[in-house]
1. For the stretch 173-245, rounded, prolate or oblate, judged on the Cα gyration tensor with a ≥ b ≥ c (square roots of eigenvalues), a/c < 1.5 rounded, else prolate if a/b > b/c?
2. In what order do 105, 176 fall by count of nearby beta-carbon atoms within 10 Å, going from fewest to most?
3. Angle between the Cα long axis of helix 26-36 and the longest principal axis of the chain, 0 to 90 degrees, nearest 10?
4. Semi-axes of the equivalent ellipsoid of the chain: what are they in whole Å, largest first, if each equals the square root of 5 times a C-alpha gyration tensor eigenvalue?
5. Helix 232-246: angle to the longest alpha-carbon principal axis of the chain, degrees 0 to 90, nearest 10?
6. Let me know the shape class of the stretch 291-367, please: from the alpha-carbon gyration tensor, a ≥ b ≥ c as square roots of the eigenvalues, rounded when a/c is under 1.5, otherwise prolate if a/b is greater than b/c, or oblate.
7. In whole angstrom, how far apart do the alpha carbon centroids of the stretch 130-150 and the stretch 67-95 sit?
8. Indicate the gyration tensor shape class of the stretch 99-178 (rounded, prolate or oblate), computed on the Cα atoms with a ≥ b ≥ c the square roots of the eigenvalues: a/c under 1.5 is rounded; otherwise a/b larger than b/c is prolate and the rest oblate.
Ligand code: GDD
Ligand code: MN
């Protein structure tokens, strides 16, 4: 697997490894990195960013004693942003002012440590800013992706991401990969990075816009020890992450806000049907069904649109403010229509359309400013 002259790379390389309960893996990882790195990289270090609840940090310190390169462990007090947040914190600690590379990899040996020098050498050789280890290039494989369901989910996520960012992800066959090398200066703007969960490469490729990207194939291995920390929750996080990235422009956020609003008719009508069916008078039924629609919209907006902005307020505060604005929208609409018809002499239909659009834009702006901004 090794190619090129020994110590071909003289720039400083930081190998960044996020860990969550990997006590059974870090010893083997450091051993294999020790066999692979110093022979081919003249300056390298390994930085772990650890959110573990087991004794991973101690296991790292123990194994580091016999390492031929410096090893640092950053213990995070708050695991903000999960895996992606840990990587951003590691980038900050590694430093982005000096020339050189940061290589991000998993601790569980699904990413072959021997490939680290290959990634950096490939980047240096072709002058790329980002080198992705891809499971989908000829010669690569995803053997370690256990189960047909995970293969299908990974494929669907890849298509979604590439569909959302056809230009920015054009040269990347595997935007879901967690194994890549990036030049330090390319990721210097870490304040702008707000990754959610696992897809840190997608975040970097979209926000840092590396000028040139290259890929190397690799075979995704089986886990050495322990189990994957990925769950169904990561799936929702990914969808929220993708929407957040895609809707950095206000018009795009407004569009998604409107589309989510439209889907609210479904629970609204269903609630109305059930409540009137149960014998409730249509006026209280309308009011209750409307709240059902509001709640539905709130949940979707929380999960998809403003996922990264929820921390500014307590959830009860958010739901209260959101419901207040949604109901204010309904209450404002009737007098607005009356105004358009009575004073501006518009036709009722035109007046209704204009009132709907006006209150929609107002509600979007107010929701963003009053519910999801600090
Ligand atoms: N610090 C920190 N905090 N590390 C974490 C966290 C967290 O919340 N969650 C997971 N990690 C670490 C794990 O300890 C491991 O070193 C690495 O991140 C990957 O976690 P796994 O749980 O092994 O992920 P996976 O194998 O399911 O997914 C991997 O492969 C996917 C490709 O299918 C990751 O590399 C994904 O990014 C990748 O998309
Ligand atoms: Mn893994």
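Only the coordinates and a few stated rules stand behind these numbers; no lab work does. Remember, it's a predicted structure, so these values are computed and weren't measured experimentally. No Cβ is skipped: glycine too gets one built from the backbone with ideal geometry, and neighbour counts run over all protein chains shown.
1. The shape class here is oblate.
2. Neighbour counts put them in this order, fewest first: 176, 105.
3. 50 degrees
4. Ellipsoid semi-axes (Å, largest first): 49, 21, 18.
5. 80 degrees
6. Prolate is the answer for the stretch 291-367, as a/c is 1.5 or above and a/b outweighs b/c.
7. For the stretch 130-150 versus the stretch 67-95, the Cα centre distance is 25 Å.
8. Oblate.
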